[in-house]
Amino acid sequence: MLNLILNAAIKTPADLTAATVSTYVYAAIVAVVCVLLMIVIANAIPSETGARDNSGKTRRLWFFLIMVLALIAPLAIDYFIYLKPTRALNFINKYMMQMCISAVVSAVLYFIIGFAICKMQSTKNKLASIFPKKDR
């Protein structure tokens with residue numbers, strides 16, 4: 001079964017359609033996993049004591065580093081599962097466009113979900129320090 005998944009070459013237009021759907025499903029799964037990873041890492045970073053707490057900046061840095069992971073991971077998954085075993089150039093060109101779009105969708109989905117979660121937290125929560133509310 002694993003060998004069948006890892007050798008999913010695109011040979012027909014039906015294979016291309018199936019691979020495209022799988023690509024977007026993988027992108028959504030990667031985005032959700034990255035959000036969960038962001039929550040775990042943000043809660044693992046200790047708050048600094050004293051008047052200046054810079055732990056929010058560290059959490060924000062990790063938020064955007066994980067966003068880069070959410071951009072790169074779908075490309076790597078799709079490359080090794082579908083693109084590498086495919087030999088037909090016309091399918092490769094069409095699928096590469098879908099790969100790139102799905103990677104951007106994954107990163108945008110990660111950002112929207114992560115930003116919404118951070119903004120819904122109370123001000124004392126570690127996740128709220130990623131995008132702190134501005135005092136007016």
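The values are calculated or read from the model by the stated rules, or taken from the named source; none is laboratory data. Remember, it's a predicted structure, so these values are computed and weren't measured experimentally. Glycine also receives a Cβ, built like all others from the backbone with ideal geometry; neighbour counts cover every protein chain displayed.
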Among the residues of the stretch 17-36, is there at least one that is farther than 22 Å from I113 by Cβ, assigned to a helix (DSSP H, G or I), in contact (Cβ under 8 Å) with a residue 40 or more places away in the chain and touching a helix residue (DSSP H, G or I) at 6+ places or on another chain (Cβ under 6 Å)? yes
When the stretch 86-106 is checked residue by residue, the ones that are within 18 Å of the chain's Cα centre (by Cα), of a type in the set (A, V, I, L, M) and surrounded by 12 or more Cβ atoms within 10 Å (Cβ to Cβ) are M96, M99, I101, A103, V104, V105
Options R59, R87, R52; residue that is closer than 30 Å to T23 by Cα, of a type in the set (K, R) and outside any helix (DSSP H, G or I): R87
Out of all the residues in the stretch 47-85, which are acidic (D, E) and in contact (Cβ under 8 Å) with a residue 60 or more places away in the chain? D53
Determine which single condition A8 fails, assuming it passes every other condition in (1) touching a residue at least 12 places away in the same chain (Cβ under 8 Å); (2) assigned to a loop (DSSP other than H, G, I, E, B); (3) more than 24 Å from the chain's Cα centre (by Cα). (3)
Matching residues in the stretch 120-130 (surrounded by fewer than 18 Cβ atoms within 10 Å (Cβ to Cβ) and either of a type outside the set (K, R) or in contact with a helix residue (DSSP H, G or I) (Cβ under 8 Å, 6 or more places away or on another chain) (or both)) number 5
Only listed residue being modelled with pLDDT of 90 or more, under 30 Å from D15 (Cα atoms) and surrounded by 13 or more Cβ atoms within 10 Å (Cβ to Cβ), chosen from L83, L109: L109
For the stretch 96-119, which positions are of a type in the set (S, T, Y) and touching a Phe, Trp or Tyr at 6+ places or on another chain (Cβ under 6 Å)? S102
Per-region count, the stretch 93-136, residues touching a residue at least 60 places away in the same chain (Cβ under 8 Å) and either part of a helix (DSSP H, G or I) or touching a Cys at 6+ places or on another chain (Cβ under 6 Å) (or both): 18
If you check G50, G56, which single one turns out to be at positive phi and modelled with pLDDT under 85? G50
